[in-house]
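Quick notes on the structure that follows.
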Amino acid sequence: MHIIRQHQTSVTLFERNGSVVVFRSMKETLKKLSYSWIASNVGPHFHAFTGAGYVDYQYILRNDVGETITAESFFSLRGKSAGQCRPRRFQRWNGHGPVPGTGRSRVSHYFRNIRYINAKRAAQYLADEGESAPRATRSVNLLPDAWNDLKIYSRRFRSWKQFRKTQWR
């Protein structure tokens, strides 16, 4: 079976001084010129009227039929730019120094496997039967669970010494 591809019109870039550049398709035009360049430099005419007045453009894009192509025509073809794909922590990183997000995290909210599950189940079983735990530290209330894994960071700010005007005498 032979698949026939959809026809892609070629795009011609006309410059104000008379030079002409021809691209094979809209995708190639977008790849070579970039959306931001097209939006700022290409207009419907060399001397176009907007609501504020006349604007002079350096370039015009036209397809095979002669229709004018503007930045809005490329809007559906453009994908996510590199800045939009990057996570927020990489937005301001310039490539020098340590890579953000590769070091240890300051706040760890992961849940580790609690090694007291069997003891907790046994204590719960004994409590349901009406018996007491073999030791007081093995009661159901004192054994750790997943909630005990989260650290309480306000404990380091509870000292009165931190709020003194002078830290030493």
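The values are calculated or read from the model by the stated rules, or taken from the named source; none is laboratory data. Quantities reported herein were computed from a predicted structural model and do not represent experimental measurements. Cβ coordinates were reconstructed from backbone atoms using ideal geometry, including for glycine residues, and neighbour counts include every protein chain displayed.
Scanning region 1-33 for residues that are β-branched (Val, Ile, Thr) and either under 17 Å from GLU67 (Cα atoms) or surrounded by 11 or more Cβ atoms within 10 Å (Cβ to Cβ) (or both) turns up THR9, VAL11, THR12, VAL20, VAL21, VAL22, THR29. Can you tell me which residue within region 104-127, out of those that are at pLDDT 70 or above and assigned to a loop (DSSP other than H, G, I, E, B), is nearest to the chain's Cα centre (by Cα)? Residue satisfying both the conditions and the ranking: ARG115. Look at region 1-22: where a residue is of a type in the set (Phe, Trp, Tyr) and a partner is at pLDDT 90 or above and surrounded by 13 or more Cβ atoms within 10 Å (Cβ to Cβ), sitting 6+ places away or on another chain with Cβ atoms under 6 Å, you get PHE14/ILE60.
The residues of region 44-98 that are of a type outside the set (A, V, I, L, M, F, W, C), assigned to a strand (DSSP E or B) and modelled with pLDDT under 85 amount to a single one, THR50. Checked against (1) without any contact (Cβ under 8 Å) to a residue 24 or more places away in the chain; (2) polar (S, T, N, Q); (3) surrounded by 12 or more Cβ atoms within 10 Å (Cβ to Cβ), ASN63 passes all but condition (1).
Of all residues being aliphatic (A, V, I, L, M) and farther than 16 Å from ARG78 by Cβ in region 38-52, which is surrounded by the fewest Cβ atoms within 10 Å (Cβ to Cβ)? Just the residue, please. My answer is ALA52. The residue that is farthest from SER76 (Cα to Cα), among those in region 13-37 that are in contact with a helix residue (DSSP H, G or I) (Cβ under 6 Å, 6 or more places away or on another chain) and not hydroxyl-bearing (Ser, Thr, Tyr), is PHE23.
Can you spot a residue in region 4-19 that is out of contact with any His (no Cβ under 7 Å at 6 or more places or on another chain), outside any loop (DSSP other than H, G, I, E, B), at pLDDT below 90 and on the phi < 0 side of the Ramachandran plot? No - not one qualifying residue is present in region 4-19. Filtering region 130-158 to residues that are under 12 Å from TYR116 (Cβ atoms), modelled with pLDDT of 65 or more and assigned to a helix (DSSP H, G or I) leaves THR137, ARG138, ALA146, ASN148.
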